[in-house]
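Since every read-out is calculated from the coordinates, none of them should be taken as a lab result. All values derive from a computational prediction rather than experimental measurement. For neighbour counting, all protein chains shown are included, and Cβ atoms are generated from backbone atoms with ideal geometry for every residue, glycine included.
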Amino acid sequence: MVKVNKTTKKDFAIFKKAVLFWQEYFGLKDWEFVIVHEDNESISEVRAWCGYDVKGKIATIGLATEWDKDDRSENQLKKSAFHEVCEVLMCPLWAIGMPHDSEKWHFEAAVHGIIRTLENTVFSASLCRCKGE
């Protein structure tokens, strides 16, 4: 897929502010969040990404420098930030519950199902409180 839609410094500012909002909202105060505006070479075709060290409680959350879709709206940037913070919220499950490779997709689907539910409830209800200007 060809990525043609570059993210800007303003996009990153909105994204970063939303990440910090959701970190506070979910009480992830014992985590160190490193927020970057760069691509993750090991993951392609994503709008944002996260990596984490569960033992050290360090999460790196990144906004991709290019998106493959035109929807780079403020709402979509905030939703991407929300999604990545939810990944951090759920990461202890990965640490204790990672199944064998043949069953990994079931676990991943379940985690992302929970995150989508949170996007459709918590994110939607709290959007007005997460200002990214």
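At 7 Å along Cα-to-Cβ for each site, give me the label-to-label distance between Asn40 and Ser73 in nm.
Here the modelled spin labels are 2.5 nm apart.
What does the extension gain come out to for Thr117 and Ile58, with contour length at 0.36 nm per residue minus their alpha carbon separation? Numbers along the way, then the final one.
Details: separation 59, 0.36 × 59 = 21.24 nm, distance 2.49 nm.
18.7 nm is the gain from fully extending Thr117 to Ile58.
If I take R0 = 35 Å and measure r between the Cβ atoms of Phe107 and Lys10 in this structure, what FRET efficiency does the formula 1/(1 + (r/R0)^6) give, to the nearest 0.05? Show your work: numbers first, answer last.
Working: r = 36 Å, r/R0 = 1.04.
Once the sixth-power term is evaluated, E becomes 0.45.
Under unit Cβ charges (Lys, Arg +1; Asp, Glu -1), what dipole magnitude, rounded to 20 debye, does the stretch 5-129 have relative to its Cα centre? Numbers along the way, then the final one.
Working: 16 positive and 20 negative charges, 116 e Å.
Taking the Cα centre of the stretch 5-129 as origin, the dipole is about 560 debye.
Place +1 on the Cβ of every Lys and Arg and -1 on the Cβ of every Asp and Glu in the stretch 5-129, take the dipole about the Cα centre, and give the residue among Ser126, Leu63, Ala81 whose Cα lies farthest towards its positive end.
Most positive-ward Cα: Ser126.
Of the lysine pairs in the stretch 5-129, how many meet both conditions: Cα atoms under 15 Å apart, and a spacing of 8 or more in sequence or different chains?
Taking the Cα cut-off of 15 Å, the pair count is 11.
Go through 71-82, 20-31 and give me the packing order, highest mean Cβ count within 10 Å leading. Walk me through the intermediate numbers first.
Numbers: 71-82: 19.5, 20-31: 15.3.
Listed from highest to lowest mean packing, they are 71-82, 20-31.
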